[in-house]
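A short worksheet on the structure shown next.
The values are calculated or read from the model by the stated rules, or taken from the named source; none is laboratory data. Model, not experiment: these values are computed from the prediction. Neighbour counts run over all protein chains shown; Cβ positions are idealised from the backbone, glycine included. Just the protein is used for accessible areas: all its heavy atoms, side chains included, with ligands, DNA and RNA removed. Shrake-Rupley method; radii C 1.70, N 1.55, O 1.52, S 1.80 Å.
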Amino acid sequence: MASSRTGRSGNVADKLAVGRKNVVRGRVVDADGHPVSRLLVKAFDRTVGTDDRLLGQSLTDAGGAYFITYNREPLLGGDGADLVICLYRNAEKIGICSDVIFDATPETIKDFCITTSPYQFDRPVADIEPLRRNAKGGKTDGPA
């Protein structure tokens, strides 16, 4: 489970508008307010009837912050992107995505508070890996 805060700010937006770039940025923290580093954050443009289009991605830093810039044009839906921001651990989605942020302005701030650890499955996966390997005759190239 995650909670989030979305905001919009004008100070960076004015500078980015000149260069035809937009930005989505924010911070990822755990339930105790500690920053979560090394998570991959991806921003997508969601347009009905098509696959989500990847706009950009960034790793969270030691302070849990991320910063993604993307070209404002060409966006399929018209004015602003309909943003969806998702969090990933080791290239696998950890099940946390934002709600759609419709017609995003040149600067969008999206913070996440993760109430379950994004690392909670690392140990169980490591524990079952030998079992998967034995079941597949030593191969581990896909789901068991």
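Kindly indicate the residue of the range 31-43 that is open to solvent by 30 Å² or more (accessible area, probe 1.4 Å) and of a type in the set (A, V, I, L, M, F, W, C) and also nearest to S98 (Cα to Cα) among those meeting that condition. Result: L40. Kindly establish whether T47 is at pLDDT below 90, closer than 14 Å to E107 by Cα and surrounded by fewer than 18 Cβ atoms within 10 Å (Cβ to Cβ). In short, no. Just one of the listed residues (L76, L54) is modelled with pLDDT under 95 and assigned to a strand (DSSP E or B), namely L54. For the range 102-116, does any single residue satisfy the condition of being open to solvent by 20 Å² or more (accessible area, probe 1.4 Å), on the phi < 0 side of the Ramachandran plot, among the aromatic types (F, W, Y) and modelled with pLDDT under 90? No, every residue in the range 102-116 fails to be open to solvent by 20 Å² or more (accessible area, probe 1.4 Å), on the phi < 0 side of the Ramachandran plot, among the aromatic types (F, W, Y) and modelled with pLDDT under 90. For the condition part of a strand (DSSP E or B) and under 16 Å from I109 (Cβ atoms), Y88 does not qualify.
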